[in-house]
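The values are calculated or read from the model by the stated rules, or taken from the named source; none is laboratory data. Because the structure is a prediction, the values reported are computed rather than measured. Here the Cβ is made from the backbone with ideal geometry for all residues, glycine too, and neighbour counts use every protein chain on show. Please note that ligands, DNA and RNA were not included when accessible areas were found on the heavy atoms of the full protein model with its side chains. Shrake-Rupley method; radii C 1.70, N 1.55, O 1.52, S 1.80 Å.
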Amino acid sequence: MSNIKKFMFVNRKAPYGTIYALEALEVVLITAAFDQDVSLVFLDDGVYQLKKGQQTKGIETKNFSPAYRALEGYDIEKLYVEKESLEARGISEEDLLVDVTVLGRAEMGALMDQQDVVLSF
Amino acid sequence: MLHIINKSPLANNALDSCLRVAQSGEILLIEDAVYAATAGNAFEGKIRKALERFRIHVLQPDLEARGLADRVIEGVSPVDYGGFVDLTTTNKTCQSWL
C-alpha cells in the first residue's frame, strides 16, 4: 500500500459513563481494516479505559476492556498514555491491562504534531 | 438532604459545585463520579475535607465496573442498589447535580 496515513485516536473519556470510549474502539478497529498507521492515545479520564479488573456484571453493561488486549491481533500496537494523567488519578502503569508507552505531556504533544489525521473521542 | 453526583471530578465541576453550595447532609457518588472516591485521585484531599461535613457514599457496582472497588478512600461507604434506594427514602429531598 502506497497511501498509508498516520491516524491518531485521542481518548479522553472514562468508560461506561458515556458511550465515547466504546465508539472510539469501534472506529479504531475499522481503521485497522484499512492497513493504516494507527496510534491510540489515552489522556485525562481516558486512562481509566485501560484500568485492570473491570467487572461490569453489576451495571449490566458489556465489559469491553478485554478488546484493548485484542488490538495487537489487528496490528495496532502503538498505545500511548500520558504520564501526568496517570499521576493525577493515582494509577500506575502496572494498573493497566495492556502494555503501553508512557509519555510526558510534551512528548505527547510532539507525537500529535506528527499525525496526518487526528480523531478525538 | 441527599446530593447525587454522576460525573468524574476531573472532567466536570458538578462535585465541586455541590461541595461549594451544600453545607451538610449526604452525598452519593454514582457512575463516573465514583472516581472521586478513589485513593490517589487528585480530588482525594477535597473528599477527605468534605467528610468532615457530609456522609459520603459510593455505588459499589459502578466501582466494580471501573476496576476500582479495592481503593475506596477511608470514610467513604460503599452501597449497593438497595442502599441507593434507602438513601433516597430516608432523606426528605434529593438533588441530582447533572
What nm distance separates the two modelled labels at residue A:67 and residue B:95, each placed 7 Å from Cα along Cα→Cβ? 3.7 nm
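How much length, in nm to one decimal, is gained on full extension between residue A:101 and residue A:52, taken as 0.36 nm per residue of separation minus their Cα-Cα distance?
Full extension of this stretch gives 16.0 nm more.
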Student exercise, chain B dipole from Lys, Arg, Asp, Glu Cβ charges, in Debye to nearest 20: 400 debye
In square angstrom, rounded to the nearest 10, how much accessible surface does residue A:61 have for a 1.4 Å probe? 60 Å²
How many Å² of accessible area per residue for region A:1-116, probe 1.4 Å? 53 Å²
Over 22 Å between Cα atoms: which of A:6/A:52; A:6/A:78; A:13/A:52; A:52/A:83; B:7/B:49 fall into that group? A:6/A:52
Can you send over the carbon and sulfur percentage of the accessible area for the protein assembly as shown, probe radius 1.4 Å, protein chains only? 50 percent
Picking from B:84, B:59, B:69, whose Cα lies most toward the positive end of the charge dipole for the protein assembly as shown (charges on Cβ: Lys, Arg +1; Asp, Glu -1)? B:84
In Å² (nearest 100), what accessible area is buried between B and A, both sides summed, heavy protein atoms only, 1.4 Å probe? 1400 Å²
On C-alpha positions alone, give me the angle between the axis of helix A:20-32 and the longest principal axis of chain A, in degrees, nearest 10. 30 degrees
In nm, to one decimal, how far is the modelled label at residue B:86 from the one at residue B:20, with both set 7 Å along Cα→Cβ? 3.3 nm
With every protein chain in place, what's the accessible area of residue B:94 (1.4 Å probe, Å², nearest 10)? 70 Å²
Where in chain B are there GluC sites (Glu not before Pro) that are in a DSSP coil and have at most 14 other Cβ atoms within 10 angstrom of their Cβ? B:52, B:74
